[in-house]
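Taking it in order: structure first as structure tokens, then the write-up.
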Amino acid sequence: MQGLLPEKIEMSSLAETAGKRTMRLHTITLGCQMSAADGAEMSGPLYKRGFSAADSPQNADAILINTCTVRQHAEDRAVSLIGSLKPWKNEDPNRVLIVTGCAAERLGEWIRKKFPHVDLIVGAKSIEQFPEIVEETLNRRFDALSENREAFGACPGADAGLDKELFSSPVLGATAPGAPVADFVTIMRGCNYSCSYCIVPLVRGREHYRPVEDILEEARRKTAAGVKEITLLGQTVNSYSSTREGRKINFSGLLELVDQTPRLQRLRFMSPHPYYVDDRMIGAIARLRTVCELLHLPVQSGSDRLLKLMRRNYTRDSYLQKVEKIRRAIAGVAISTDFIVGFPSETEEEFAQTLSLVEILRPVCAYCFKYSPRESTESAAWPDDVPVRVKEERLERLNKLVDSMTATALQEQIGKTLEVLSEQSNFGRTRDGFKVKWNAPAPIGERLPVKITAAAPRILLGETADEI
């Protein structure tokens with residue numbers, strides 16, 4: 001879906017605000033890491049245009065809401081948030097409200113009619129065209145060329161039209177000023193799978209892959225700016241396939257190339273599909289210097305019948321066989337996963353199969369959700385026949401079991417000295433993904449040894465070498 005504009009846009013002078021001070025942008029992202037990366041990517045053209053980051057909506061001249069629609073709750077949150085910003089817009093009609101992402105793709109026309117205070121709607125399939133779309137929208141509101149010079153200073157080529165470097169291609173990976181310690185790099189969009197419950201292929205389209213050189217250039221740019229850890233993102237990230245200099249590059253080959261990025265200390269990726277986990281991928285994780293020993297491998301259910309209904313393209317046994325291979329090849333690897341409870345026609349016996357899979361898998365954590373039908377998916381046409389109270393009871397039992405696995409994994413770290421990358425002065429993560437806190441301030445962005453002394457719910461406590 002290309003950008004949707006309200007039927008009537010006030011041609012008000014946003015420039016009057018811009019002429020007084022730098023414009024301020026507040027970005028709100030709902031959903032997963034992919035959504036977070038998309039939100040940062042779409043903020044990039046505005047930051048490069050001269051916007052600065054606002055710490056709250058009230059202090060912002062523009063708000064970008066990047067929405068999610070994977071579950072009904074996420075979509076409801078997006079709709080509620082959009083509606084709640086009407087007073088913010090009425091307070092100053094010069095302000096700009098942009099709604100993007102998966103819910104914008106699915107509900108764009110409805111949002112335009114329901115919320116006329118929204119200035120621009122850009123669906124998930126049009127993210128790569130966002131720089132051009134947002135530039136066109138802002139040009140409708142004020143004379144961008146002359147007012148850019150007044151508010152932000154002249155930029156090369158401004159008199160000739162758009163700054164080609166900024167807007168002739170997607171500004172992938174651009175974020176707010178000030179590089180974080182850990183950041184995302186999107187390597188692909190869309191999904192070729194047709195999981196019966198999933199709306200992602202509908203709102204994001206089929207898979208298309210970024211060119212290898214674009215990915216490597218973004219990784220180099222980010223590490224040069226101070227990023228130490230990169231997470232590669234895709235809906236089924238390990239289905240990546242492209243070419244470089246006439247040679248086919250699959251996901252394992254891409255890991256090998258990104259691993260060579262100067263100054264990169266850690267490399268992660270999300271979310272792989274179990275079907276594409278092969279020996280070469282396992283070998284790359286085991287061998288490459290930067291690739292971390294944490295693998296998020298969604299399973300969804302322990303029942304073969306339900307996995308077939310879900311169209312997951314693997315069985316319980318084939319999934320567990322791959323996990324066994326991973327654990328044999330990668331010492332100390334931590335595995336996390338996803339589960340859906342209350343899928344249509346799920347029986348108590350089939351739910352028990354999910355619990356038994358948890359016992360075998362022993363994940364360090366898991367994201368567990370109640371099934372909710374999504375319009376236009378295959379499963380939405382089936383009876384949602386597991387009562388809500390049963391879904392909630394099963395979810396509670398599953399979470400309790402998973403929490404016990406997490407607590408055990410944390411307890412097993414006590415007494416060890418672990419390498420932690422500091423994301424804040426007293427907070428960081430281990431290579432295998434555990435969160436760690438300590439007392440004595442440490443330089444941000446440094447790898448440091450931390451002796452683990454205790455475990456709290458979902459986080460480790462420790463002492464740095466200076467404290468020991």
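The values are calculated or read from the model by the stated rules, or taken from the named source; none is laboratory data. In this text, all values refer to a predicted model and were calculated from it rather than measured experimentally. Cβ coordinates were reconstructed from backbone atoms using ideal geometry, including for glycine residues, and neighbour counts include every protein chain displayed.
Has the range 409-427 got any residue that is over 30 Å from T290 (Cα atoms) and charged (D, E, K, R)? Taking every residue of the range 409-427 in turn, none turns out to be over 30 Å from T290 (Cα atoms) and charged (D, E, K, R). Considering each residue of the range 361-377 in turn, none proves to be more than 25 Å from the chain's Cα centre (by Cα) and in the same structural domain as D403 (by TED's automatic domain parsing).
Applying the set (1) surrounded by fewer than 21 Cβ atoms within 10 Å (Cβ to Cβ); (2) among the hydrophobic types (A, V, I, L, M, F, W, C); (3) touching a strand residue (DSSP E or B) at 6+ places or on another chain (Cβ under 7 Å) to L320 leaves exactly one unmet item: (3). If you check Q260, Q300, Q235 for being in the same structural domain as S336 (by TED's automatic domain parsing) and touching a strand residue (DSSP E or B) at 6+ places or on another chain (Cβ under 6 Å), only one passes: Q300.
When the range 84-118 is filtered for residues that are surrounded by 14 or more Cβ atoms within 10 Å (Cβ to Cβ) and part of a helix (DSSP H, G or I), the ones remaining, listed by number, are K86, W88, K89, C102, A103, A104, E105, R106, L107, G108, I111, R112.
Entry remark, the range 26-72: residues being crowded, with 21+ Cβ neighbours inside 10 Å, part of a strand (DSSP E or B) and among the aliphatic types (A, V, I, L, M) number 4 in total. Taking the range 332-353 as the range and being over 27 Å from the mean Cα position of the chain (by Cα) and closer than 28 Å to G433 by Cβ as the test, the residues that pass are F351, Q353.
This table checks each residue for (1) in the same structural domain as A225 (by TED's automatic domain parsing); (2) not acidic (D, E).
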| residue | (1), (2) |
| --- | --- |
| N399 | yes, yes |
| D403 | yes, no |
| G428 | no, yes |
| G433 | no, yes |
| V436 | no, yes |
| P441 | no, yes |
| P449 | no, yes |
| A454 | no, yes |
| R458 | no, yes |
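Within the range 2-44, being farther than 21 Å from C68 by Cα and modelled with pLDDT of 80 or more holds for M23, R24. Screening the range 405-435 for residues that are part of a strand (DSSP E or B) and polar (S, T, N, Q) and picking the one that is surrounded by the most Cβ atoms within 10 Å (Cβ to Cβ) gives S422.
So in the range 105-146, with the set limited to residues that are in contact with a Ser or Thr (Cβ under 9 Å, 6 or more places away or on another chain) and over 26 Å from T69 (Cα atoms), which one is modelled with the highest pLDDT? Among residues in the range 105-146 that are in contact with a Ser or Thr (Cβ under 9 Å, 6 or more places away or on another chain) and over 26 Å from T69 (Cα atoms), the one modelled with the highest pLDDT is R141.
Condition test on L254, is it more than 18 Å from the chain's Cα centre (by Cα) and either in a helix (DSSP H, G or I) or of a type in the set (G, A, S) (or both)?
For L254, the condition - more than 18 Å from the chain's Cα centre (by Cα) and either in a helix (DSSP H, G or I) or of a type in the set (G, A, S) (or both) - is met.
Comparison of I335, I340, I360 shows that the only residue that is closer than 30 Å to L418 by Cα and crowded, with 16+ Cβ neighbours inside 10 Å is I335. For the range 353-369: of the residues being among the hydroxyl-bearing types (S, T, Y) and in contact with a strand residue (DSSP E or B) (Cβ under 7 Å, 6 or more places away or on another chain), which is farthest from P298 (Cα to Cα)? The extreme case among them is T354.
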